[in-house]
Each structure stands twice: as C-alpha cells, then as structure tokens.
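Below is one structure; the comments refer to it alone.
The values are calculated or read from the model by the stated rules, or taken from the named source; none is laboratory data. Since we're looking at a predicted model, the values are computed, not measured. FYI the Cβ positions are ideal-geometry reconstructions off the backbone, even for glycines, and counts take in every protein chain you see.
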C-alpha cells in the first residue's frame, strides 16, 4: 500500500486507539525505571535494543533497509530530532510528574498542524477543524488543570515542564521531516531504524559523557518498565505509528494523539484507584468532539 489517504479508515482508527492507550502508560513506565536507571542511558539503550528488533523484523519480512533511496538526509535529521526529544523527556521526568509531562508533550499536534500548511496543501485545516483541535486540547488541559496550581514535583518543576514543551516541538518537527523528505515514501521500518540507531548512539554517548553508568543490578520492576518501553512502545507501537504517518494525513493522525493523556489518566483510575471526576468526563467528551470535527469529511 503506497497511496496517501486523506481520511482515517477503521484500520487507522483502531491502530491509533491502541497506540494512544500504550503511550498513555509510557511516561509512567519511564518514571518508574528512572528510580534505578539514569535518564540518558535508559533512553539510549531502549533505542538500541528496539533498533535491533526492527532490523531483525525487517530481515524476516524481506524489507530492504540499506538500499539507496535518497532518504539519508531526512533520516539523519529525524534521528537527531528523535534523540533530542527523548533527552528532553527523560531528563524532564526527573523534575516534573509523568502526568504533567504527557500533557506538555501532546502540544505536538498544534505544531504539526501549523507546519503542514507549508508541506501539504491537502492537509491544511479549515476553521471548523481548528476549532475541533482546540476543543480536544481544552479537554486535555481541563482534565489535568487541578494539578497545575501547585508545584507538586518540587521547585524545579518549571524546568521539567519546559523540557516537555520542547519535546513536543521536537516530536512535531520529526513528523514534519518525515512528511517533507524522501522518508515519506520509505518503508516504515527504515524510517524507524534511522531514528532508533542514531538516537541510541547519541543518547548513550551523552549519558557516558555526563557520567551516567548502567546499574550493576536492577529490580524486577525496573526490568519490566524498561522492557515495556523497549519492546511494546519503542519497537511495536512506533512501527505502527510510522506506517500510519506514511499512508494517512498527518494532521488527522496528530489530532488523535490527544487521546493519549486521557488514557494515561484512565490508567491511573483503573490501576491506582484514583477517582473518576467531573473533569475527566468533560475532558473525554471534548476530546471525542474535537477528533470528530478534525476528521470530518
């Protein structure tokens, strides 16, 4: 399948829902692992291990990864942006909460929507779609507004929050690079491998240079959190995401990602016994409305 689809079908929607559900758990897993694994090495090692899994997957499926297709420049940019994004996320999680981090990261759809104006005329949003995007984001902000008034994570919470915003810009820039370069026609496996290989090397080197060391032993909880991030998130879900970016409208995909912080909040309700509040119900309704407006034909 190589054609571009401007509207999301059932396969895309179901894939996006699963990805958003998994991504809603990702920041929690990273935060748990940070108690034992330093940030840059954790991010770098998960990229390297997931990159190896992508290479094995591609070989088993007969997907060419090293053919010359003009995607090298875009691949290097995407890899560097990917590395910078996750450096911001993992360092930022030391200063802010996982729930706040996920809110700021998902400012990314707005940057994607703005950038796509200059890349693909067919993906420009109209007034009603912009209103839908704003409605969805307002729902996300409303769900987490109760925690914005007090620095629950400490006096340097502003630094973690700022790194979350920067990570959102970097994630959006990665999506735009993929769409604007030869990566848009490259196999999803190749697109992902560029990012994992380059970010894995850069982040691991940065961790070593800053004095980080891999722990001599890890608890079962830390291994489980690291394994979930590496296999389920960085390998499987990102592979699905880049396949979607290749074949569907980026602005509509980005709008769906606003479900992720809501799934993160729901995970807290189901797994940690946190109460269901009116804010959550209103947020879910606003996100559903926003997604419907953005994806309206």
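Descriptive notes on the structure:
- Residue 255 being within 27 Å of residue 28 (Cβ to Cβ), surrounded by 23 or more Cβ atoms within 10 Å (Cβ to Cβ) and modelled with pLDDT under 85: yes
- Residue match in the stretch 14-23 (condition: outside any helix (DSSP H, G or I), farther than 18 Å from residue 86 by Cβ and free of Cβ contacts under 8 Å to residues at least 60 places away in the same chain): no
- The stretch 180-204: number of residues that are crowded, with 22+ Cβ neighbours inside 10 Å and part of a helix (DSSP H, G or I): 11
- Verdict on residue 207 being in contact (Cβ under 8 Å) with a residue 60 or more places away in the chain, surrounded by 20 or more Cβ atoms within 10 Å (Cβ to Cβ), assigned to a helix (DSSP H, G or I) and over 17 Å from the mean Cα position of the chain (by Cα): yes
- Count of residues meeting criterion [part of a loop (DSSP other than H, G, I, E, B), under 13 Å from the mean Cα position of the chain (by Cα) and surrounded by 24 or more Cβ atoms within 10 Å (Cβ to Cβ)] in the stretch 71-113: 1
- Test: residue in the stretch 237-247 that is touching a helix residue (DSSP H, G or I) at 6+ places or on another chain (Cβ under 7 Å), at pLDDT below 85 and outside any helix (DSSP H, G or I): no
- Count - residues of the stretch 24-68 that are surrounded by fewer than 21 Cβ atoms within 10 Å (Cβ to Cβ) and either in a loop (DSSP other than H, G, I, E, B) or free of Cβ contacts under 8 Å to residues at least 40 places away in the same chain (or both): 15
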